[in-house]
Amino acid sequence: MRKLKNLFENNKRWAERTCKDDPDFFKILSMQQNPEYLWIGCSDSRVPANEIVDLMPGELFVHRNVANVVVHTDHNCLSVMQYAVEVLKVKHIMVVGHYGCGGVQAVLNDAKFGLIDNWLRHVGDVKEKYISKINSMPEKERLDCLIELNVIEQVRNVCRTNIVQEAWQRGQDLTIHGWVYGLANGHLNDLESVVTCADEVIDTYKVAAEKVFTRRT
Ligand code: CO
């Protein structure tokens, strides 16, 4: 199929509906974007960033990859972060994992899928770090634990980038958050992994990681 007719029809309907609700919508949006938030989430098709927090186009800057990983050598993610922080001056960055994440599940089960295994090694490092604690949990809780720990780890990675460190040094108002989205009920779970300045990074990380286990016992 060379033309995805159904999607173009959907698009036309959507554009017309949006214009009907607000005739200047596209005109205003085409001139500027002014989002307050950067969302770093999983690529999973069931986790649509804007819809989940009920925000309109223009209100949320988004980066998504498999298992919402933030790696210090990933120029794609870093470029998104730099533009969001330094040009758009977002006030919040949220790392958003989701329960039932296939990427994290693959790591937990040691499943192999080829090239992507290399990417998921970053989640594998998180698993290795906490393996004894994870194994002390009931089996049905282990995936949720690793999903939450992965988010907390990535929040720390965001905090450690020179982009965020320098923003805080400049006195820029910037808060990093760690959340997990529930596919089964549509609700966001705040992992209390909130960092507002460089001094809070280590303690917040430790407390949030500890809570993953204490909350369940
Ligand atoms: Co996922």
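The values are calculated or read from the model by the stated rules, or taken from the named source; none is laboratory data. All values derive from a computational prediction rather than experimental measurement. Using ideal geometry, Cβ is built from the backbone for each residue, glycine included, and neighbour counts are taken over all protein chains shown. In case anyone asks, the SASA skips ligands and DNA or RNA and just uses the protein heavy atoms, side chains included. Shrake-Rupley method; radii C 1.70, N 1.55, O 1.52, S 1.80 Å.
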Residue in region 4-25 that is touching a helix residue (DSSP H, G or I) at 6+ places or on another chain (Cβ under 9 Å) and surrounded by 17 or more Cβ atoms within 10 Å (Cβ to Cβ) present: no
Complete set of residues in region 152-162 that are assigned to a helix (DSSP H, G or I) and open to solvent by less than 10 Å² (accessible area, probe 1.4 Å): Ile152, Gln154, Val155, Val158, Cys159
Qualifying residue in region 107-122 (condition: touching a Leu at 6+ places or on another chain (Cβ under 6 Å), under 24 Å from Asp44 (Cα atoms) and open to solvent by less than 80 Å² (accessible area, probe 1.4 Å)): yes
Region 19-49, subset under 18 Å from Tyr83 (Cβ atoms) and at pLDDT 95 or above, residue farthest from the ligand (Cβ to nearest atom): Glu36
Conditions (1) open to solvent by 100 Å² or more (accessible area, probe 1.4 Å); (2) closer than 21 Å to Lys89 by Cβ; number of the one not met by Met1: (2)
Qualifying residue in region 124-146 (condition: farther than 15 Å from Arg215 by Cβ, outside any helix (DSSP H, G or I) and not charged (D, E, K, R)): no
Leu149, sole failed condition from (1) outside any helix (DSSP H, G or I); (2) on the phi < 0 side of the Ramachandran plot; (3) in contact (Cβ under 8 Å) with a residue 12 or more places away in the chain: (1)
Residues located in region 83-118, provided they are more than 14 Å from the ligand (Cβ to nearest atom) and assigned to a helix (DSSP H, G or I): Tyr83, Ala84, Val85, Glu86, Val87, Asp117, Asn118
Output for region 26-54, where each listed residue is surrounded by 12 or more Cβ atoms within 10 Å (Cβ to Cβ) and assigned to a helix (DSSP H, G or I): Phe26, Leu29, Ala49, Asn50, Ile52
Members of region 47-71 that are touching a residue at least 12 places away in the same chain (Cβ under 8 Å) and on the phi > 0 side of the Ramachandran plot: Gly58, Ala67, Asn68
Condition met for Met31 (free of Cβ contacts under 8 Å to residues at least 12 places away in the same chain and in contact with a helix residue (DSSP H, G or I) (Cβ under 9 Å, 6 or more places away or on another chain)): no
Which listed residue, of Leu174, Leu188, is out of contact with any Asp or Glu (no Cβ under 6 Å at 6 or more places or on another chain) and closer than 13 Å to Leu38 by Cβ: Leu174
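Residues are listed down the side, and each one gets a yes or a no for (1) within 18 Å of Leu38 (Cβ to Cβ); (2) aromatic (Phe, Trp, Tyr); (3) in the same structural domain as Leu183 (by TED's automatic domain parsing); (4) more than 18 Å from the chain's Cα centre (by Cα):
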residue	(1), (2), (3), (4)
Val87	yes, no, yes, yes
Cys101	no, no, yes, no
Cys159	yes, no, yes, no
Ile163	yes, no, yes, no
Residues located in region 84-106, provided they are open to solvent by 50 Å² or more (accessible area, probe 1.4 Å), more than 22 Å from Gly186 (Cβ to Cβ) and of a type outside the set (D, E, K, R): Val87
Top-ranked residue of region 60-80 - restricted to ones that are within 13 Å of Gly41 (Cα to Cα) and part of a helix (DSSP H, G or I), ranked as farthest from the ligand (Cβ to nearest atom): Val80
